[in-house]
């Protein structure tokens, strides 16, 4: 036995296509394991499908490497989060404790940021409510206090220390906030002698005014250089503190794969798709093969009424158009990954049963089986100890060959909007991209990668199956 | 035992398939309470009309409510809503068979009707056109290419085709369609991204046909991309297997010219299995049509499926599932006839 299996391996490993398949499979497994160990289990519901988690990401932008294909220096996405103040001091005259969080960065891009946002998390105070200022100093020396946050004071009966924004952070979308526009209107008047109403400022975009120099009329050209952002906490007690402050200079490119129209980092979602696709492929085909082979062996060996019944059922199921029935059942029974796997198994086994039966019919009349019967072996023993091992390599090859079908079926259902909402898959990402019109506006980074990954996963198993073919069917070997 | 009997048996087994699907659909609907929902919507619709009529005659609001309550009970009894769902199975089967499933929620037919049967019936031809064109083209290209390649096994062309068919097996056709849109419609602006006609559609018949063909190019190519690779490969393998049979060697040994060996000995024997393969391919193409129509907004039943899923329209989904099965069975039967008339061996 071990001699034949070594020979089988030699035949398998001798073709390049098998090697390619094994290598691709190794990559898929490694990435899947990485995801399984690093991602939270509730990733789909808590992060992926939760828009609040993605507010500070740029919306619908290409990957960072896309900027090497344009001549311009495209703005990269920058998130600055500070947990400890850069400077703390006490101002005697005012009786205030000042904590200053300073962010400096060199802005050398050829484009304006796509938006600016400011977030404060967990403000704790003990006496008077503190005030938080956001100030920006530009490379040309102009500086402005663009936002003032007066933290709400203690309510009646509330106990010290008072906590604010400790569950949901306080976030202000600076590009579009009326008070920011007002401050900018004042700054323009004071430093550049330009009159623009806050409404006009919001139509131009506050980020263009903050990061630009007034040109002629209402045009602004980009102002490159070192910017400094100060977040100042002015409080009446030394123990008052802030969990973190965050300042986002949103870019026009993001990450390895870019983002979708909700700002979701596509790389994160695509990575999550690896284990899901493998799980669906492997679980579905293992079960399908187990059911199909068992039914086929029983049908072929036992014969008679059992054979008739199994073949009748297999024939009917085999002739049902699969996709419409899957759509109907999943729609009525509500999408879930286990329902999808169950249905793919329930409608997938007959094909194998019909082939296995015909193979068993031939084996049943062999001398080996005759001898077994003469020796008094039971039906089950003959079926699973003597017949099964002879057709096992074929069944295994069929299992590998059926895996792409399961993966593609799940992807198709997800694309139609029938995917499991708690588990993001490649098909679902494509569904969002299609529904949102990403195709028609040329969001290639949203449309191409998920499809390529589906193809890659499916083709891995095709390669493996092609490599197994000469092992299972020696007749093909001479055509190499 | 002639042709008729064979076809009768095949026809009956296909009818059994249709019936099995029908039964499954109805049982699932009953057990999940969806059929209750549909019938109650029916009752509600009728009651609204009755209320309008009654309110003309009965002025007293209390009397009106009482009368309506009586009507409601009557209607519920008539629809079988007072009994458990399994008593209603025959009635539900009849409803699905006749597409008597009431009205859709939001989707309407092109003429504005929201009766389920109206919506579906006008979409059937669009799907049939698309699938037929794609299948016929694929069969022509697939078989001829497969036969050609079988005569040159191991050549570069043969290896390229093998790889192509492997890729084609792993390629989600709908994604190919999306990529086609991205390339041919978005970047090169050569072909329309979707729909069946431009808006407004050209009035002149010839221009209209041309417009239709222009819109059909990408969907047909997409459907073909999904099936063509497999068909070429299978045709090649079948021809190759037949070519190794003893009777072919015997023919060659007799000194027959290669052309005649190919046509009379190899191709004639290969046709039935190739045809079987195509018969089974139809199921895949119908499934592919659902996705392809969705991608290209081709107003057939497939796109309707997608719209119904998005709009949570149960009656439409039920009717579509049934019609798809019916069309599939019909297509299978037509091919069976072709098959039986080509291969005398199956006339058992």
Exercise for review: Using label points projected 7 Å from each Cα along Cα→Cβ, tell me how many nm separate residue B:199 and residue A:155, to one decimal.
Suggested key: 5.0
Practice item. Give, to the nearest whole percent, the P(r) tail of chain A beyond 31 angstrom, counting all Cα pairs. Key: 61
Exercise for review: Provide, as a two-decimal number, the C-alpha radius of gyration of the stretch B:60-100 over 2.2 N^0.38 Å, N being how many residues it has.
Suggested key: 1.56
Review point. Over its Cα atoms, what ratio of radius of gyration to 2.2 N^0.38 Å does the stretch B:241-313 give?
Key: 1.96
Revision key, fill the gap. Cα-based Debye curve of the stretch A:210-304 sampled at q = 0.17, 0.23 Å⁻¹ gives log₁₀ I(q)/I(0) of -1.01, -1.16
Practice item. Note the direction-averaged projected area, equal to a quarter of the hull surface, for the Cα convex hull of the stretch A:297-340, in nm². Key: 4.1
**Study point:** Rg to Rh quotient for the stretch B:278-348, alpha carbon positions, Kirkwood Rh
**Key:** 1.14
Check your understanding: Is there a simple number for the mean count of other chain Cβ atoms within 10 Å of the Cβ of residues in A:310-322, and what is it?
Key -> 5
Practice item. Find the relative contact order for chain A and round it to a whole percent, using C-alpha pairs within less than 8 Å whose residues are 6+ positions apart. Key: 22
Revision key, fill the gap. Both in Å, the radius of gyration and Dmax of the C-alpha trace of the stretch A:295-375 are 16.8, 54
Revision key, fill the gap. Summing -39500 (n - 2.57) over every DSSP H run of at least 4 residues in the protein assembly as shown and dividing by its residue count gives a helix-only mean residue ellipticity at 222 nm, to the nearest 500 deg cm²/dmol, of -19500 deg cm²/dmol
Review point. So what is Rg over Rh here for the stretch A:1-41, counting just Cα atoms and using Kirkwood for Rh?
Key: 1.25
Point to revise | Counting all C-alpha pairs of the stretch A:1-85, share separated by more than 14 Å (%) | key: 81
Revision key, fill the gap. Averaging 1/r across every pair of distinct alpha carbons in the stretch A:17-150 and inverting yields a Kirkwood hydrodynamic radius, in angstrom, of 20.3
Check your understanding: When the Cα atoms of the stretch A:330-378 are enclosed in a convex hull and the volume is divided per residue, what value in Å³ results?
Key -> 98
Practice item. Report, to two decimal places, the Cα Rg of the stretch A:83-164 normalised by 2.2 N^0.38 Å (N = number of residues). Key: 1.38
Practice item. Have a look at the stretch A:187-262 and give its Rg and Dmax from the Cα atoms, expressed in angstrom. Key: 17.3, 49
Revision key, fill the gap. Across B:19-25, the residue-averaged tally of Cβ atoms belonging to other chains within 10 Å stands at 3
Review point. Per residue, what volume in Å³ does the Cα convex hull of the stretch B:197-348 take up?
Key: 162
Practice item. Run through all the Cα pairs of the protein assembly as shown and give the fraction in each 20 Å bin from 0, expressed as whole percent. Key: 12, 35, 30, 18, 5, 0
Practice item. Kindly put A:136, B:50 in sequence by how many other C-beta atoms sit within 10 Å of each C-beta, fewest to most. Key: B:50, A:136
Point to revise | Binned Cα-Cα distance frequencies in the stretch A:364-442 - 10 Å width, integer % | key: 16, 25, 16, 14, 14, 11, 4, 0
Check your understanding: Averaged across the residues of B:321-327, what count of C-beta atoms belonging to other chains lies within 10 Å of each residue's C-beta?
Key -> 4
**Study point:** Translational diffusion of the stretch B:91-222, µm² s⁻¹ [Kirkwood Rh, Cα pairs; Stokes-Einstein; 25 °C; 0.890 mPa s]
**Key:** 133
Point to revise | Ellipsoid equivalent to chain B - semi-axes via the Cα gyration tensor, in Å | key: 50, 27, 15
Review point. What Kirkwood hydrodynamic radius do you get for the stretch B:1-111 when you take the inverse of the mean 1/r over all pairs of distinct Cα atoms, in Å?
Key: 17.0
**Study point:** Förster-model FRET efficiency, 41 Å R0, residue A:8 and residue A:309, C-beta, rounded to 0.05
**Key:** 0.70
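None of the figures in this text is laboratory data; all of them are computed from the coordinates on show. The shown structure was predicted, so the numbers you read here are calculated from the model rather than taken from an experiment. Reconstructed Cβ throughout: ideal geometry from the backbone, glycine too, with neighbour counts over all protein chains shown.
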